[in-house]
Amino acid sequence: MTDNTQTAIKILLEDNGLTLQNLETAFAGFSGREVDYADFYFQRVVSEGYVIEESMVKTGLYNTDMGVGVRAVSGDKSALAYSDEISLDALMNAVETVKVIGSASEKQSVIKLEGKKPPQPLYQPVNPVEHHEASAKIALIKSLDEKARKLSPLVTQVVASVNSVDEVVLIAKSDGTVVGDVRPLVRIGISVIVEKNGRRESGRSGGGGRFTLDWFTPEKIDQYAEEAVKSALQSLEATPAPAGSFPVVLGPGWPGVLLHEAVGHGLEGDFNRKQTSVFANKVGQRVAAPGVTIVDDGTIPDRRGSRTVDEEGNPSCRTGLIEDGMLKNCIQHELNATLMGLPLTGNGRRESFAHLPLPRMTNTFMLNGTMDPKEILESVDYGIFAQNFAGGQVDITSGQFAFTMNDAWLIENGKLTAPVKGATLIGSGHEALLKIKMIGNDMALDGGIGSCGKDGQSVPVGVGMPTLRIDGLTIGGIS
């Protein structure tokens, strides 16, 4: 067994008086029921966070969640029972609860559990909660607060936060697999408010990933403060965005959230199996302009959306979704892949032991094109350039979206002229993909702050893309 699996067994089983033999006994409880497969998902999450407001620590938290979820699958149906107590009694009771999903049979469940070699870990098995004292974490965001306030006398409010998470999981499966993972996660964020002549605007920045707080060097802290203050000050000078239909240039990195929301969710396998996605039954068809290649990759070291194994114990994968404009794949978890007769892609994700796994994105991004970003900008006579998105709404079935653009400028004769605000990008995901005219060579991933919601579950994700020019989208603004 790997060190991570041994660590998980120690923390989640042995420290709670359990052994692998106890888990085999619990799996035997499925005897007499026609259950296709079952798994036990053990999890412990220790989290610590602090928030500074008005240059004082206003919030501090330290929390531990631990428990086990027992899932049984029969056909296209899943049953889940969970307990925040890890014990043999809790396991046996959960098995008794979920096994009724299967019809009565003479089937006997005899499981021999053994650790199987997982892929090379994508991050160090460090504990970011214990790696630094609380005083060091507070000092980190105090420096962020102080830096932002020194950048401009117009800064009236700063909110800075730091969060550290130590997550340990162990998955035991009815095929005999036992695999564990130790997952660090940290994040720092800053939000500022500036005020001038009675007008108030805000800006924000931050970053993180699967490492310790040592990653946040003084240079990183300066960068976050400068980005947040610059964004807020720019908004003070911004004029209302024009309305109409004209070219839009999107900057690299975080604007990839548009792909995540408007395209990525539509390529999750369950939506396709249920025929509720606009991309259903379109594998092998053109769904984007030539040159557009989009992947979901959970194997990038240290990234927020990466996991060495998914929450079903399967190795994470790099999955090509769209290649040169043609739809190639959807992302899958075990149940959906089985029902659709398609390969697994290592995208079974769940928020916690109290949730069923779903096919979910990891790090989803568009690959590089060949254009110089400067040439893309110079190609536009009149349009909008956006470096950020504040948020948006998407309808998975129709693909219709509306995104509010942040850090946006008017493009006139190939140059950025005036900052604008209130610009909303309106369209449909599949149509927007077909309207991509130029793809830059500057692909970047976001700073490590993203989370994704689906069916009431939130999981960390990553997004990214190069600079893009998209023609013919509707901009909602001030006409």
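The values are calculated or read from the model by the stated rules, or taken from the named source; none is laboratory data. Since the model is a prediction, treat every value here as computed from it, not as a measurement. Here the Cβ is made from the backbone with ideal geometry for all residues, glycine too, and neighbour counts use every protein chain on show. We work out accessible area using only protein heavy atoms, side chains counted, and drop any ligands, DNA or RNA first. Shrake-Rupley method; radii C 1.70, N 1.55, O 1.52, S 1.80 Å.
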Want the number for R286 to E53: 0.36 nm per residue separation, take away the alpha-carbon distance, what's left? 78.9 nm
With a Förster distance of 56 angstrom and the Cβ-Cβ distance between E412 and D65, calculated FRET efficiency to the nearest 0.05 equals 0.60
Could you compute how much accessible surface I436 exposes when probed at 1.4 Å, giving the result in Å² to the nearest 10? 10 Å²
Using the beta-carbon distance between E226 and L342 and R0 = 41 Å, what value does 1/(1 + (r/R0)^6) give for FRET efficiency, to the nearest 0.05? 0.35
Rounded, prolate or oblate for segment 98-173? Axes are the square roots of the Cα gyration tensor eigenvalues, ordered a ≥ b ≥ c, and the cut-off for rounded is a/c under 1.5. prolate
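Please give the calculated 222 nm ellipticity per residue for the chain, where each DSSP H segment of at least 4 residues contributes -39500 (n - 2.57) and the sum is spread over every residue; nearest 500 deg cm²/dmol?
-5500 deg cm²/dmol
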As straight-line cross-link partners of K147, the qualifying lysines (C-alpha separation under 21 Å, not fewer than 8 residues apart within one chain) are K58, K137, K196, K220, K230
Starting from the amide H of C452, placed 1.01 Å from N in the peptide plane, find each other amide H under 5 Å away whose residue is 5 or more places distant or on another chain. V459, V461
Scoring segment 156-266 by relative contact order with C-alpha pairs under 8 Å, at least six apart, yields a percentage of 21 percent
Of the residues N441, F271, L185, the Cα lying farthest along the dipole of the chain towards its positive end, which is defined by charges on the beta carbon of Lys, Arg, Asp and Glu, belongs to N441
Charged-residue dipole, Cβ positions (Lys, Arg, Asp, Glu), segment 280-345 about Cα centre, Debye nearest 20: 240 debye
Do you know the Lys pair count in segment 329-479 for C-alpha distances under 22 Å, with sequence separation 8 or more or different chains? 5
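Roughly how many debye, to the nearest 20, is the charge dipole of segment 431-479 about its Cα centre, given +1 on each Lys and Arg Cβ, -1 on each Asp and Glu Cβ, and no other charges?
On the way: 4 positive and 5 negative charges, 21 e Å.
Dipole about the Cα centre, nearest 20: 100 debye.
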For segment 1-83, list log₁₀ I(q)/I(0) at each q in 0.22, 0.24, 0.26 Å⁻¹, using the Debye formula over Cα point scatterers of equal strength and ignoring solvent, two decimals each. -1.11, -1.20, -1.27
Using the Cα centre of the chain as the reference point, and only Cβ charges (+1 on K/R, -1 on D/E), how large is the resulting charge dipole? Debye, rounded to the nearest 20. 680 debye
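Which shape class applies to segment 159-287: rounded if a/c is under 1.5, otherwise prolate when a/b exceeds b/c and oblate if not, where a ≥ b ≥ c are the square roots of the Cα gyration tensor eigenvalues?
Details: a/c = 3.20, a/b = 1.25, b/c = 2.57.
Oblate is the answer for segment 159-287, as a/c is 1.5 or above yet b/c matches or exceeds a/b.
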Here, K374 and K10, labelled 7 Å along Cα→Cβ, have an inter-label distance in nm of 5.5 nm
Multiply the residue gap between D214 and R200 by 0.36 nm, knock off their C-alpha separation, and tell me the result in nm, one decimal place. 1.6 nm
Can you list the lysines whose alpha carbon is less than 21 Å from that of K112, not counting same-chain residues fewer than 8 positions off? K10, K99, K173
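Report the full-extension gain for the segment E431 to Q393: residue separation times 0.36 nm, less the Cα-Cα distance, to one decimal in nm. Display every interim value, and only then the final one.
Numbers: separation 38, 0.36 × 38 = 13.68 nm, distance 1.60 nm.
Once the chain is fully extended between E431 and Q393, it gains 12.1 nm.
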Using a cut-off of 18 Å between alpha-carbon atoms, which aspartates and glutamates can reach K274, once sequence neighbours fewer than 8 places away in the same chain are excluded? D76, E334, D395, D455
If you take the square roots of the eigenvalues of the alpha-carbon gyration tensor of the chain and sort them as a ≥ b ≥ c, do you get rounded (a/c under 1.5), prolate (a/b over b/c) or oblate? oblate
